[in-house]
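Report on the following structure.
Since every read-out is calculated from the coordinates, none of them should be taken as a lab result. Source: prediction; values computed, not measured. For neighbour counting, all protein chains shown are included, and Cβ atoms are generated from backbone atoms with ideal geometry for every residue, glycine included.
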Amino acid sequence: MKRLLVPFHMRLALNAYSSGDYTRAEKHFKRIQKISPHHRGVRHNLALTAMGRGDFAAAEPLLLAELEDLGDFYPRLRVLADLYYSWGRFKRAAEFYRRATEDLDAPDEDRHYLNQRLAICQDPGAADGAREATRLYHEGTQAQAAGASERAFELFERCVALDPTNHPALNNMGVIRMNDRGDYAGAIEAFEQAYRIQPVEIVRANLARARAMLERRS
């Protein structure tokens, strides 16, 4: 019976994650882990929510354990690279971005993003900008969680100006435009920009939702 709750908690977790509510997402992922400790991807998802909250020290052992247990796999390498990048550990990030680009399973559409990130890691000035962008991003997610959406939007805008590869900030700008402003055309623009940088499922779902809302309005 408990296992029937896994899809329920997964849906709630993904909805919370896509809207930037990482604390609520983590709560539901932890419930999945309690019900099914070896559920596929649960450590990975818990690491992503920890990264979203800026708790990189909590995310690192989850991802490294997954890598040790399951071996090299492009998504694991890329998320570890993104973790160290966001943490400001650019030498370690460059190592994993390089390994990710060398992985035969790396999608062609990801390679531009990976090479952009690798170049930033190797340029001290660009790395300093990325470090400040990460600080602004996490300040923005805190403001967003507190309901200060306009303050959050301003912080995300500044974040993207410093680091154009910060696709989570673009996604959150789209969420604010869609949910708080009712600006569906602006939301589509932000989601499309985020999806061009990194085509992930959460951004694709948000983009589809914004397009549907704009179509209903017209």
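Against the empirical 2.2 N^0.38 Å (N residues), the range 6-107 has a Cα radius of gyration ratio of 1.08. When a/c reaches 1.5 or more, the comparison of a/b and b/c decides; with that in mind, is the range 128-218 rounded, prolate or oblate per its Cα gyration tensor? Judged from the Cα gyration tensor, the range 128-218 comes out oblate (a/c at least 1.5, b/c at or above a/b). Near K27, once Lys and Arg are set to +1 and Asp and Glu to -1 for all other residues with Cβ below 13 Å from its Cβ, the sum equals +3. Label sites at T23 and E109, each approximated as a point 7 angstrom past Cα along Cα to Cβ, lie 3.4 nm apart. About its Cα centre, the dipole of the chain is roughly 940 debye, where the only charges are +1 on Lys and Arg Cβ and -1 on Asp and Glu Cβ. Other residues within the sphere of radius under 11 Å centred on the Cβ of P61, judged by their own Cβ, net out at -2 (K and R +1, D and E -1).
For the range 58-123, just say rounded, prolate or oblate: build the C-alpha gyration tensor, square-root its eigenvalues into a ≥ b ≥ c, call rounded for a/c under 1.5, and beyond that prolate if a/b exceeds b/c, oblate if not. Judged from the Cα gyration tensor, the range 58-123 comes out oblate (a/c at least 1.5, b/c at or above a/b). For the range 149-199, what relative contact order do you get, as a whole percent, if you take Cα pairs closer than 8 Å and at least 6 residues apart? With pairs under 8 Å counted, the relative contact order is 33 percent.
Phi angles across the range 198-205 convert, under the Karplus curve 6.51 cos²θ - 1.76 cosθ + 1.60 with θ = phi - 60°, into 3J(HN,Hα) values of 8, x, 10, 4, 4, 5, 4, 5 Hz, Gly and Pro given as x. In a fully extended conformation the segment linking V6 and A146 would gain 47.6 nm over its present Cα-Cα distance, using 0.36 nm per residue.
Each residue, K34 and A65, gets one label point 7 Å from its Cα in the Cβ direction; the gap between the two is 1.7 nm.
Over the chain, calculate the relative contact order: mean separation of alpha carbon pairs under 8 Å at least 6 apart, over the residue count, as a percent. Once divided by the residue count of the chain, the mean separation gives 13 percent. Tell me which of V175, G140, S36 sits at the most positive position along the dipole axis of the chain, charges placed on C-beta atoms (Lys, Arg +1; Asp, Glu -1). Checked the options; the winner is S36. Legend: P(r) of the chain from all alpha carbon pair distances, 5 Å bins from 0, whole percents, reading 1, 7, 14, 18, 20, 18, 12, 7, 2, 0, 0. Scaling against 2.2 N^0.38 Å puts the C-alpha radius of gyration of the range 1-57 at 1.04. Evaluating 6.51 cos²θ - 1.76 cosθ + 1.60 at θ = phi - 60° for every residue in the range 64-71, the Karplus couplings come out as 5, 5, 5, 5, 5, 6, 10, x Hz, glycine and proline recorded as x. With Cα atoms defining each centre, the range 25-68 and the range 110-178 are spaced 22 Å apart in the structure. The HN-Hα couplings worked out from phi for the range 124-134 by the Karplus form 6.51 cos²θ - 1.76 cosθ + 1.60 (θ = phi - 60°) are x, x, 5, 5, 4, x, 5, 5, 5, 4, 5 Hz, whole numbers, x standing for Gly and Pro.
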